[in-house]
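Encoded as structure tokens, the structure appears first; notes follow it.
The values are calculated or read from the model by the stated rules, or taken from the named source; none is laboratory data. Computed from a prediction, not measured in an experiment: that's the story for all the values here. Neighbour counts run over all protein chains shown; Cβ positions are idealised from the backbone, glycine included. Accessible surface is based on the protein model in full, side chains and every heavy atom, while ligands, DNA and RNA are left aside. Shrake-Rupley method; radii C 1.70, N 1.55, O 1.52, S 1.80 Å.
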Amino acid sequence: DSWNQAFQLLGKLCFALGKKGGRLLSKSLAELGRIAAGDENEWTEAVQDCVGVAVRSLGPEAVLEAIPLNIEGAVTGGGEANSWLVYVLKKNVSGASLSFWARELLPEARRCGQLAASLGEQGDVERAVLVAALEHQLW
């Protein structure tokens, strides 16, 4: 259908623009993030594939800038975490610098661990387990 074609076109645009296209496509990526964060639907796989192409073409930094993980904000402020993005990153990141991981993902993993411990101490075991799982996925 036309949505799947639009996602494929956006993926091709990401590929064509490469690393320098992140700023130009940030609003489109943010919109993809909003679509992906919603309930699963007929476009879920196509959206995740498109974001995967963006990760490989634009780089994880550009994608995370447009679609932040927002794990801590979701737990503390009741917003929506983009936990689906962890799987997409894991599947599509290759050749990213170690400094990026140390600067962006390692602190996020540590925050998840602290959050999981805090939730466990508060007796919110269900959310503690979910956040701890995200911590392990980020590692």
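Does segment 82-139 come out rounded, prolate or oblate by the C-alpha gyration tensor, with a ≥ b ≥ c the root eigenvalues, rounded set by a/c under 1.5 and, if not, prolate when a/b is larger than b/c and oblate if not?
Details: a/c = 4.04, a/b = 1.93, b/c = 2.09.
The shape class here is oblate.
Overall, the accessible surface of segment 1-95 at a probe of 1.4 angstrom is composed of carbon and sulfur to the extent of 52 percent.
With the contact rule set at Cα under 8 Å and sequence spacing of 6 or more, what percent relative contact order holds for the chain?
On the way: 149 pairs, mean separation 28.7, N = 139.
Relative contact order, the chain: 21 percent.
Restricting the GluC sites (Glu not before Pro) of segment 50-121 to loop positions (DSSP other than H, G, I, E, B) with no more than 14 neighbouring Cβ atoms within 10 Å leaves 80. Under the combined filter of DSSP loop state and at most 14 neighbouring Cβ atoms within 10 Å, segment 1-83 retains these trypsin sites (Lys or Arg not before Pro): 23. Taking the longest Cα principal axis of the chain as reference, the axis of helix 2-17 is set at about 90 degrees.
Summed over the residues of the chain and divided among them, the accessible surface reaches 60 Å² per residue at a probe radius of 1.4 Å.
The angle separating the long axis of helix 106-121 from the principal Cα axis of greatest extent in the chain is about 40 degrees. Relative to the dominant Cα principal axis of the chain, helix 26-37 is inclined by about 60°. Within the set (1) 15.5, 49; (2) 14.2, 42; (3) 30.7, 99, the number that Rg and Dmax of the Cα atoms in Å takes when calculated for this structure is listed as (1).
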